[in-house]
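K.L.:
Can you keep this structure in mind? I'll have questions shortly.
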Amino acid sequence: MTQSVHYTAEHELFRTSVRRFLESECLPHIDRWRTQGKMDRDIWLKAAAGGFICTKVSPDYGGGGGDLWHCAIVLEEQTRLGLAELTFYLHSDIIAPYIELYGTDAQKQRYLPPMSRGEVITAIAMTEPGAGSDLQGISTRARREGDHYLLTGQKVFISNAQNAELIVVAAKTDADAGGKGISLFLVETQGAEGFRLGRNLKKIGCKAQDSSELFFDNVRVPAENLLGGVEGRGFVQLVQRLPEERLIMAVSAVASAEAAVEETIAYTKERIVFGQRLIDFQNTRFKLAEAKTTATIARAYLNRSIDRFIEGDFDATDGAMVKWWTTERCFQAIDECLQLHGGYGYMQDSSITRRYADMRLGRIAGGTNEIMKDLIGRTL
Amino acid sequence: MTQSVHYTAEHELFRTSVRRFLESECLPHIDRWRTQGKMDRDIWLKAAAGGFICTKVSPDYGGGGGDLWHCAIVLEEQTRLGLAELTFYLHSDIIAPYIELYGTDAQKQRYLPPMSRGEVITAIAMTEPGAGSDLQGISTRARREGDHYLLTGQKVFISNAQNAELIVVAAKTDADAGGKGISLFLVETQGAEGFRLGRNLKKIGCKAQDSSELFFDNVRVPAENLLGGVEGRGFVQLVQRLPEERLIMAVSAVASAEAAVEETIAYTKERIVFGQRLIDFQNTRFKLAEAKTTATIARAYLNRSIDRFIEGDFDATDGAMVKWWTTERCFQAIDECLQLHGGYGYMQDSSITRRYADMRLGRIAGGTNEIMKDLIGRTL
Amino acid sequence: MNKHAPPPRPPQSALPFGEEHQLLRKTAQRFFEQECVPHREDWEKAGMAPDSIWRRAGELGLLCMSIPAEYGGGGGDILHSIVLIEEQARSGCASPMLSLHNDVVAPYLLHYGREDQKHHYLPRMASGELIGAVAMTEPQSGSDLRGIRTTATREGDHWRVSGRKTFISHGCTAGLIVLAAKTRGEGSDERISLFLVETAGLHGFHASQPLHKLGQGAADTAELAFDNVKLPLNALLGESTGAGFQQLTARLVEERLMTGAAAVALMDAAIEATVAYVKERRAFGQRVMDFQNTRFKLAEARTEATVARTFLESCVLQFLNGALSPAEAAMLKYWTTDLQCSIVDACVQLHGGYGYILDYPIARMWCDSRIAKIYGGANEIMKEIIGRSL
Amino acid sequence: MNKHAPPPRPPQSALPFGEEHQLLRKTAQRFFEQECVPHREDWEKAGMAPDSIWRRAGELGLLCMSIPAEYGGGGGDILHSIVLIEEQARSGCASPMLSLHNDVVAPYLLHYGREDQKHHYLPRMASGELIGAVAMTEPQSGSDLRGIRTTATREGDHWRVSGRKTFISHGCTAGLIVLAAKTRGEGSDERISLFLVETAGLHGFHASQPLHKLGQGAADTAELAFDNVKLPLNALLGESTGAGFQQLTARLVEERLMTGAAAVALMDAAIEATVAYVKERRAFGQRVMDFQNTRFKLAEARTEATVARTFLESCVLQFLNGALSPAEAAMLKYWTTDLQCSIVDACVQLHGGYGYILDYPIARMWCDSRIAKIYGGANEIMKEIIGRSL
């Protein structure tokens, strides 16, 4: 069982039910989702019925009342099955906390229960075509006009947007105040005038995860949908959430490397070349030894990080470290594993090929790894 | 024979005589030189008698009238024998060209012939304790007073200084003019008042190559010893010489990697562990294949660079590229070769250990490799 | 969407390129840019390029350039092949696989075929009427050529061929397949022989749908099944059986040289696209190019690509002198393809989020590149070849 | 010259360190800083540390801390050993090799010795009167323990020992050597047994001058010759012959844990020295720390060292639970020593020219570090252990 101070038998039971759900309800549909470039809507209802989304949200709002291990378990099991791209974590563990932690009572009451039931699907829109990882450089504007705001701007790489009814949008309420001018808005997009869903971009991997352009042209948002009700808190809210978000990114990196190593061990024990098993070549054993070491060390580091997060001892530097290191080194391990698969490692229906393509994203998303190093470097 | 457009049978003959000289006159003394931290003075006379120093200097001044291949051959043969640290190249191919290219007629007549005869040994003093690779940041000053200059300042990491009678010193004749305020002086140090030879620093490797601190306290230098006779040209002179100097640094990096690979192949064919030759392990073969590839590619790149230099088609970017790449990758290859030697790779009297310690310097000296990358990056 | 592509770098080559090579370079550039790149997405959906593009390539003289004119070829040399490979790599168009056809398949006929075979096939290959493929790899054998199981049994006036092949480039589109099989019922039993298989209407032959690959989506790759396929006796390449292993391995040095040429050209293309991108793109109030990390990564890439090109040119010159060893060809193949992947990966990283979006050429280069460390003999095989030569 | 050393980082450890461990840490810091560092250069010239420093270490309770009090030890646990290793690594003083004495040699006696042997030797080891060594490696055998050729032949009332050993740490200074030899004239012929060899006045025993190493110059390493050395019958460690291989390998997990602890501590020391240096040093008008490349390299090092420490702690906790596998210990050993070398190398680079000068601690760390990838089982052996466990 997972080595962690805070991991209990209850978590292990939860893991079993997650796996059953993924195997029976997601795995059979994944090829179609990849082809259509997004998940089906109805899977969210099923996931909610099983208790697999909003696992950390308070039971007061219909959530599971769990801890970060519940989030990690869902993502680990997805990843082991090659389903890391499914965006349950985005809705449950990235977006719901914004509303639960920073929202007004009315906002929590209005949105969290239908989110926990899987009836309202959410997205979060920070990144812009001109800004990338540079949050303070966004140019989307929210202009107050009476009891509402008018949002104008453009976003890109927005996941879940194809299905979302609710999008958390970062916009500047004060263009001259830098980070202090940024606010977050809860935007209901169904029939919202001036809102347009752009292209669903084709990506290297993570193909069942949509990634869209969004256009806002004077979209009216009621003033009560300003997250938390006070302007200018958006940047602080975003920054506060980063350590946990980056830790979550590390979960799938580590789980994918672990699975890749296991799959590759199995493959190299089965595959015969030049009259012996592939694993009987010293180079194969050494490369696998290195990859296994990476996965083992990454796991120890991840588990300890999750424990420290649960204990409240996990800061921005920790988040940056765990994100760049796991995504970088685990990707390398997966790359070495791919090589051992020979031609099969280049086929889209090979698990290792998908892991390679999917996990390339981790080194870029959530702030590129260069941003992480910059952040760490400044603390030294 | 060496693959190069400009490499002739004459070069190959020269190589043979160089090797004989090194084997009979240097190899037997190297341990003592290392212990004393410098070469003997008399080896310079012997080297000159054989025609092994100032090989590129014009015969008009007693030099060999050769090309860059002659310089490379001396350094290659030194390196193969584990004698890369001997500073013939510094005197012959770094310092002599300053005088030959930029000196006044009187300066050339006065210094080049005794230099070619090995009677005057030279050093060059650029680096300062506070400036490192930042030449424009030097603080040694040369103040004109009548028919002489007064030099004041401090230098560090100066090779050959323990034996030198003549030191080319970079100093600022105009403190406010940045690079344009730098001039080079030909300083005769024998009995020069105010000149002090500081410590001969102990280094990781290259132990027969001295590396000293120099102190100048109002040292009088005749005005006619300003190199070229015009103030403010020093920086341009230094910068113009860099491509060739860096190419020379690449020579020993490549030759050392080639020799390390050959030595390691021989060792692993001889060494028996777990009942078979070390080279019979796939890991050994793969590591050696990688190191051999690096050495082979580096050689092709070096030879082509030398040819291009001889053809006058070799610029500052080329010099930066060849310096960082060869010193970096060849060092890595040597490190891998060391590992294959096991415990013997950590003993000071192992050739591979000395190569490892000696070649570490190449990534730092002559402008750190970071400086090289910065230079290249700015041209893109 | 190639809006970031800068003008090509001035070639500063040690190779003896002449005017004819420069003309070919221009023709090739135009062909890829105007007649291939615009259709790439359609071809990817189809999983292959249409026959018509081959005939067009033939018209332009882009097929069989190095084959003597008497067989319908261009009468050129290896430098023609390299020019074409470089321009194709630069275009980012992995399909049609001209080099496979020109530099791998056609030379089998030229070097090992009987006169009647050369006259029969080469002109049709040069015109683009017949697309060529080579079928060596089998599901169970990978790089282990001696381990193949496909058999060709001599039965009276024909050969009966049975077996399965996989990862066969041009498997779906080839009209002519050079097939490796172990011969039976002959003197050289169980040794490998090569056969020329015309696929049109061939009974018992089946090619799968194009396999879905990570990249190179318009370059068809297939599994082939041979189920008691009857071939005429004269389908044997050359005169005698049992020469297949030598025939295949003798060609490897040249094939690896071509792989190296493609890798080097692709590095250049990736770096150029990235330099253009980071000069335009801004973040945190400055150009991405203005970050020291960006400059260092690109300085490293530019240097390594320069080193790679120098080594490639040195290998080509040695090849022209007949002095390129198998170990050196293996070095070139493994080192340049490793480097290609690492440079392209670093370039993707410098593109940030856009590096992951297939609209950008760098993302496609990343997907296209990974196979280079595996095909043409996996890089582990290269290291074995080098290691054994020490 | 340690002028750049910053204050130690606040330990934020998952390990159950108690007050006694903190006290030991302070004692050890003082001991190394005040009683070892000032003499390092003299000891390096001599090629070894003097006996007196061992007695001093004994007085301070720094010897045999984890050995039960009944044998004169400190009655401590593995955490005591780790504290001492960490502080020694941080001090940059490779000598005296306390961990070899405490964590490698003494445990052989404790775990495999007879009661009379424990009582006879351990108190003298704890006081520093007797310095311990282990002699396994031979010129021809390297990491291949089964290939050793030293023999111990039973002859009446004694063993006759002949053979050569090399790379033996404490070879010059040890008063007590645990010697591996193949026994003859006994039931377990040609199997490895361990012997306790007291070197004082031992006829036929010869230790070379200290070998000149790349680093760790004050830590004596020697070749040993045994030329018909007579040992009493009771010099056999434990009761029966032939157990040596198991005895040696059984200790490896713990020994590798210690190597990992030293590696991690050294990374921290290197990074701290370098951060201090680059904040002080200026180039091109700014602090070296202000270059993005510097920050990135140090950010990478700081992160990797953090990961390494986390894994080390996880391994220690598993060891305390009796659950640390040989494969995990091998992972720790190979990965942390590789990382130690790469971090120290990057730190040397950030020091520029001064990184190559032995006055600077980072240059010495570089020289001291390289052996870590080789000793205690070369890292290739570690990969074999891991690879075979898959």
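The values are calculated or read from the model by the stated rules, or taken from the named source; none is laboratory data. Note that the coordinates shown come from a computational prediction; the quantities given were computed from them, not determined experimentally. Positions of Cβ are generated from backbone atoms using ideal geometry, with glycine treated the same way; all protein chains shown enter the neighbour counts.
K.L.:
Output the residues belonging to the range B:223-262 that are among the small types (Gly, Ala, Ser) and within 21 Å of B:Thr327 (Cα to Cα).
P.N.:
Kept after step one, since they are among the small types (Gly, Ala, Ser), are these residues of the range B:223-262: B:223, B:228-229, B:232, B:234, B:250, B:252-253, B:255-257, B:259-260.
B:Ala250, B:Ser252, B:Ala253, B:Ala255, B:Ser256, B:Ala257, B:Ala259, B:Ala260, listed by residue number.
K.L.:
Please state which of the following conditions C:Phe284 fails to meet, knowing it meets all the rest: (1) in contact (Cβ under 8 Å) with a residue 60 or more places away in the chain; (2) farther than 21 Å from C:Arg364 by Cβ; (3) of a type outside the set (Lys, Arg).
P.N.:
Status for C:Phe284: all satisfied but (1).
K.L.:
If I ask for residues that are over 30 Å from C:Cys93 (Cβ atoms) and outside any helix (DSSP H, G or I), which ones from the range C:235-264 would you list?
P.N.:
C:Leu236, C:Leu237, C:Gly238, C:Glu239, C:Ser240, C:Thr241, C:Gly242, C:Ala243
Let's see how each residue does on (1) surrounded by fewer than 22 Cβ atoms within 10 Å (Cβ to Cβ); (2) under 23 Å from D:Arg309 (Cα atoms); (3) more than 9 Å from chain D (Cβ to nearest Cβ); (4) not aromatic (Phe, Trp, Tyr):
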| position | (1), (2), (3), (4) |
| --- | --- |
| A:Gln276 | yes, no, yes, yes |
| A:Glu290 | yes, yes, no, yes |
| A:Cys330 | no, yes, yes, yes |
| A:Leu338 | no, no, yes, yes |
| A:Leu361 | no, no, yes, yes |
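K.L.:
Would you mind stating whether A:Val251 is under 19 Å from the mean Cα position of the chain (by Cα), modelled with pLDDT of 95 or more and not small (Gly, Ala, Ser)?
P.N.:
Details: under 19 Å from the mean Cα position of the chain (by Cα): yes; modelled with pLDDT of 95 or more: yes; not small (Gly, Ala, Ser): yes.
Judged against the criteria, A:Val251 is a match.
K.L.:
If I filter the range D:339-357 for residues that are within 30 Å of C:Met289 (Cβ to Cβ), within 11 Å of chain A (Cβ to nearest Cβ) and at pLDDT 95 or above, do I get at least one hit?
P.N.:
no
K.L.:
Residue under question is A:Thr122, and the condition is that it be in contact with a Ser or Thr (Cβ under 8 Å, 6 or more places away or on another chain), among the β-branched types (Val, Ile, Thr) and modelled with pLDDT of 95 or more; does it hold?
P.N.:
Working: in contact with a Ser or Thr (Cβ under 8 Å, 6 or more places away or on another chain): no; among the β-branched types (Val, Ile, Thr): yes; modelled with pLDDT of 95 or more: yes.
For A:Thr122, the condition - in contact with a Ser or Thr (Cβ under 8 Å, 6 or more places away or on another chain), among the β-branched types (Val, Ile, Thr) and modelled with pLDDT of 95 or more - is not met.
K.L.:
Among the residues of the range C:317-338, what is the count of those that are part of a helix (DSSP H, G or I) and either over 20 Å from the mean Cα position of the chain (by Cα) or surrounded by fewer than 23 Cβ atoms within 10 Å (Cβ to Cβ) (or both)? Show your work before the answer.
P.N.:
So the first thing to find is which residues in the range C:317-338 are part of a helix (DSSP H, G or I), and the list is C:317-320, C:326-338.
Among the residues that remain, those that are also either over 20 Å from the mean Cα position of the chain (by Cα) or surrounded by fewer than 23 Cβ atoms within 10 Å (Cβ to Cβ) (or both) are: C:317-320, C:326-327, C:338.
Qualifying residue count for the region: 7.
K.L.:
Residues in the range A:153-170: is at least one of a type outside the set (S, T, N, Q), outside the structural domain of A:Leu22 (by TED's automatic domain parsing) and surrounded by fewer than 18 Cβ atoms within 10 Å (Cβ to Cβ)?
P.N.:
yes
K.L.:
Oh, and also: Taking C:Gly113 as the residue in question, decide whether it is under 30 Å from C:Ala243 (Cβ atoms) and either among the aliphatic types (A, V, I, L, M) or surrounded by 17 or more Cβ atoms within 10 Å (Cβ to Cβ) (or both).
P.N.:
Spelling it out, C:Gly113 is indeed under 30 Å from C:Ala243 (Cβ atoms) and either among the aliphatic types (A, V, I, L, M) or surrounded by 17 or more Cβ atoms within 10 Å (Cβ to Cβ) (or both).
K.L.:
So, of the residues in the range B:27-59 that are in contact with a helix residue (DSSP H, G or I) (Cβ under 6 Å, 6 or more places away or on another chain) and β-branched (Val, Ile, Thr), which turns out to be nearest to B:Ser350 (Cα to Cα)?
P.N.:
Looking at residues that are in contact with a helix residue (DSSP H, G or I) (Cβ under 6 Å, 6 or more places away or on another chain) and β-branched (Val, Ile, Thr), I get B:Ile53.
K.L.:
Name the residues in the range D:178-191 that are surrounded by 19 or more Cβ atoms within 10 Å (Cβ to Cβ) and in contact with a Ser or Thr (Cβ under 8 Å, 6 or more places away or on another chain), would you?
P.N.:
Across the range D:178-191, the qualifying residues are D:Leu179, D:Ala180, D:Ala181, D:Lys182, D:Thr183.
K.L.:
Continuing with the same structure: Strands (runs of 3 or more DSSP E) wholly in the range B:157-249 with at least 1 residues that are of a type in the set (Asp, Glu) and either within 14 Å of another protein chain (Cβ to nearest Cβ) or without any contact (Cβ under 8 Å) to a residue 12 or more places away in the chain (or both) - which ones? So that I can check it myself, show each step before the final result.
P.N.:
On the way: elements: B:166-172, B:182-188, B:195-200, B:212-222.
The strands (runs of 3 or more DSSP E) meeting that bar are B:212-222.
K.L.:
Of all the residues that make up the range A:125-156, how many are of a type in the set (D, E, K, R) and in a strand (DSSP E or B)?
P.N.:
Final tally of qualifying residues: 5.
K.L.:
Looking only at the range C:80-103, filter to residues that are in contact with a strand residue (DSSP E or B) (Cβ under 8 Å, 6 or more places away or on another chain) and in a helix (DSSP H, G or I); which one of those is farthest from C:Glu272 (Cα to Cα)?
P.N.:
Applying the filter and picking the extreme gives C:His101.
K.L.:
Mind listing whichever residues of the range C:362-390 are aliphatic (A, V, I, L, M) and more than 14 Å from chain B (Cβ to nearest Cβ)?
P.N.:
Across the range C:362-390, the qualifying residues are C:Ile362, C:Ala363, C:Met365, C:Ile371, C:Ala372, C:Ile374.
K.L.:
So C:Gly128 clears everything in (1) at negative phi; (2) at pLDDT 95 or above; (3) not aromatic (Phe, Trp, Tyr) except one condition, right? Which one?
P.N.:
(1)
K.L.:
Looking only at the range D:279-310, which residues are small (Gly, Ala, Ser) and either within 8 Å of chain A (Cβ to nearest Cβ) or under 22 Å from D:Ile82 (Cβ atoms) (or both)? Explain how you work it out, then say what you get.
P.N.:
From the range D:279-310, those small (Gly, Ala, Ser) are D:283, D:285, D:299, D:301, D:305, D:308; that's our starting set.
Of everything in the range D:279-310, those that are small (Gly, Ala, Ser) and either within 8 Å of chain A (Cβ to nearest Cβ) or under 22 Å from D:Ile82 (Cβ atoms) (or both) turn out to be D:Ala299, D:Ala301, D:Ala305, D:Ala308.
K.L.:
Same structure again: On the given criteria, is A:Lys269 without any contact (Cβ under 8 Å) to a residue 24 or more places away in the chain and assigned to a helix (DSSP H, G or I)?
P.N.:
Yes, satisfied.
K.L.:
Please find, within the range C:253-278, the residue that is farthest from the other protein chains (Cβ to nearest Cβ) out of those that are hydroxyl-bearing (Ser, Thr, Tyr) and closer than 19 Å to C:Ala363 by Cβ.
P.N.:
C:Tyr277
K.L.:
Quick one: B:Ile43 ticks every box in (1) assigned to a helix (DSSP H, G or I); (2) at pLDDT below 95 bar one, so which box is it?
P.N.:
Here B:Ile43 meets the rest and fails (2).
K.L.:
If we keep just the residues of the range B:4-22 that are in contact (Cβ under 8 Å) with a residue 40 or more places away in the chain and basic (Lys, Arg), which is surrounded by the most Cβ atoms within 10 Å (Cβ to Cβ)?
P.N.:
The residue in question is B:Arg15.
Matching residues to (1) in the same structural domain as D:Lys373 (by TED's automatic domain parsing); (2) over 30 Å from D:Asp42 (Cβ atoms); (3) modelled with pLDDT of 95 or more; (4) not charged (D, E, K, R):
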| site | (1), (2), (3), (4) |
| --- | --- |
| D:Lys165 | no, no, yes, no |
| D:Cys172 | no, no, yes, yes |
| D:Gly187 | no, yes, no, yes |
| D:Gln216 | no, no, no, yes |
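K.L.:
While we're looking at this one, here's another question. Which of the numbered conditions does B:Asp313 fail, given that it passes all the others? Conditions: (1) touching a residue at least 12 places away in the same chain (Cβ under 8 Å); (2) more than 22 Å from D:Ile381 (Cβ to Cβ); (3) within 10 Å of chain C (Cβ to nearest Cβ).
P.N.:
Single failed check for B:Asp313: (1).
K.L.:
Another one. Given the condition in the same structural domain as D:Arg40 (by TED's automatic domain parsing), touching a residue at least 24 places away in the same chain (Cβ under 8 Å) and among the charged types (D, E, K, R), answer yes or no: does some residue in the range D:68-75 qualify?
P.N.:
no
K.L.:
May I ask you to list the residues in the range A:341-353 that are in a helix (DSSP H, G or I) and at the interface with chain C (Cβ under 9 Å from one of its Cβ atoms)?
P.N.:
A:Gly342, A:Gly343, A:Tyr344, A:Gly345, A:Tyr346, A:Thr353
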